[in-house]
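Below is one structure; the comments refer to it alone.
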Amino acid sequence: MLWLALHCPPQAAPDAAAAPPPEASITPALACWAGRYTPRVNLAPDALRLDIGASLRLFGGLPALLQQVRDDLAAMALPAHVAVAATPLAALWLARAGDGTVCPDLAATRAALAGVPLAALRLAPPLARRIEGFGLRRLGDVLALPRASLGARLGKPFVIDLARALGELPDPQTCFAFPERFEQALELPAPVEAAPVLLFAARRLVAALAGWLAARNGAVRALDCLIEHGHGHVTALPLAFSAPVHDAARIERVLKESLDALHLPAPALALRLCAPETVAREAGSLVLFDGAGQRQEALAELMDRLAARLGAPAVQGLACHADHRPEHASRAHPAAPAAAPPTLPRPLWLLDPPEALRESRGRPQRAGPLRLAAGPERIESGWWDGADARRDYFIAIDGAGRWLWIFRDPRPPGGWFLHGVFA
């Protein structure tokens, strides 16, 4: 097992009374963000702990994963200490002690713990004063003492914590329960009068949404961004996507277009991002040449950004319409990536020529009566080349369970015919 701890130290403020508490930055929204790395997230009062052992290969190894974490924190403007250790408690203590300690195994973890100041353990004040009275300053000083006497001097709970941090005892963690519905809010540090400025604060909510979607393997087609002005006044900013999305960068670009076109009626005090519903994320596969897929995704994003900037009614597409009259053969519709036209079932094998079937009381027969499972589907064509065809096709099942494609000719002399067999 390998654990990553993220500790947000308290930020200094000119007015000590205005300084936020140590846990001010550790919120459920941040735990949702961590879901992009692992579904096993522990939300502590002053830190997050992520079980990243099973995620290393997905992100290309530990250095690549750590770099991605730091990039995310920088994008969210979130100062944090990051540490990696073989046990969750060791990772927490190391993150509280400072930034950047990486212990890829248990041996390195035990060695690094020796330099951790005892203040990073956040001990109860009576125990901290007792240890300070012994002249102990670092965890290495404690570990150098006989383990048998520690329990009598410092208490059994402290000894158990030491054993858990060193990997000598199991340390099960309670995992964060990702909410069934995403709705997270962020209070702004100061009133904001220009809508585009809100994008900086919204990045944390978008990152939380992307992590939540990753943990649930989901995607969204629409979002509601609510800008709160106080006294119950809210500006609603709906975001719509032409195809399900889960990528934070794409969501952020569409949000930017919407904010750039928005005029705030009053200063903004808080932001709220809601996902009214989600859809399952489509599984993708990597291919050597995926130009068509990339072009389709780029087109979908372009349409989303244009709709966000200009309004959905201003972005229209054209689609074929099943009408032979030229003036009705196409229709305008809300822009969306072209979908494959629906296809009706067709058999793998066709008979040439079609086999005539017996008929009993108007029902087709072939070694017994045939049961009609679907149809009719009218196919009428060829009148211009002398091979005029007018047929009503059905899918039928015979007594042996075979699926057949049959048709009835509505023109005299009529009759039923077998035209194909489904594999």
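Only one of these is loosely packed, with under 14 Cβ neighbours inside 10 Å, polar (S, T, N, Q) and under 30 Å from A322 (Cα atoms): S360, S381. Name it.
Only one candidate passes the filter, namely S381.
Where residues in region 405-419 are surrounded by 22 or more Cβ atoms within 10 Å (Cβ to Cβ) and under 12 Å from P347 (Cβ atoms), which of them is nearest to the chain's Cα centre (by Cα)?
Within region 405-419, the match that is nearest to the chain's Cα centre (by Cα) is W405.
Suppose we filter region 113-128 for residues that are more than 40 Å from the chain's Cα centre (by Cα) and among the β-branched types (V, I, T); how many remain?
0
Name every residue in region 107-118 that is part of a helix (DSSP H, G or I), surrounded by fewer than 17 Cβ atoms within 10 Å (Cβ to Cβ) and in contact (Cβ under 8 Å) with a residue 12 or more places away in the chain, in order of residue number.
A108
May I ask you to list the residues in region 275-331 that are modelled with pLDDT under 70, assigned to a loop (DSSP other than H, G, I, E, B), exposed (fewer than 10 other Cβ atoms within 10 Å of the Cβ) and not polar (S, T, N, Q)?
A283, G284, L286, V287, L288, F289, H324
Restricting attention to region 166-224, report how many residues are more than 24 Å from T38 (Cα to Cα), touching a residue at least 60 places away in the same chain (Cβ under 8 Å) and not small (G, A, S).
Here the count works out to 9.
Considering only region 216-238, state which residues are hydrophobic (A, V, I, L, M, F, W, C) and within 16 Å of the chain's Cα centre (by Cα). Let's see the steps before the verdict.
At the first step, the residues of region 216-238 found to be hydrophobic (A, V, I, L, M, F, W, C) are 219-220, 222-223, 225-227, 234, 236-237.
If the condition is that a residue be hydrophobic (A, V, I, L, M, F, W, C) and within 16 Å of the chain's Cα centre (by Cα), then A219, V220, A222, L223 are the ones that fit.
Would you confirm whether or not region 247-268 contains a residue that is within 30 Å of D51 (Cα to Cα), among the acidic types (D, E) and surrounded by fewer than 21 Cβ atoms within 10 Å (Cβ to Cβ)?
First pass over region 247-268, keeping only residues within 30 Å of D51 (Cα to Cα): 247-252.
Within this subset, residues satisfying the condition of being among the acidic types (D, E) are 247, 252.
Checking which are surrounded by fewer than 21 Cβ atoms within 10 Å (Cβ to Cβ) leaves us with 247, 252.
Within region 247-268, one or more residues are within 30 Å of D51 (Cα to Cα), among the acidic types (D, E) and surrounded by fewer than 21 Cβ atoms within 10 Å (Cβ to Cβ).
Name the strands (runs of 3 or more DSSP E) wholly inside region 22-100 in which the number of residues that are within 22 Å of A165 (Cβ to Cβ), assigned by TED's automatic domain parsing to the domain that holds G140 and acidic (D, E) is 1 or more.
Passing ranges, in order: 47-51.
May I ask you to list the residues in region 214-248 that are in contact with a helix residue (DSSP H, G or I) (Cβ under 9 Å, 6 or more places away or on another chain) and part of a helix (DSSP H, G or I)?
A215, A248
How about region 229-246: which of its residues are of a type outside the set (A, V, I, L, M, F, W, C) and surrounded by 18 or more Cβ atoms within 10 Å (Cβ to Cβ)?
Matches in region 229-246: S242, H246.
The values are calculated or read from the model by the stated rules, or taken from the named source; none is laboratory data. Because the structure is a prediction, the values reported are computed rather than measured. Quick reminder, even Gly has a Cβ in these numbers, built from the backbone with ideal geometry, and neighbours come from all protein chains shown.
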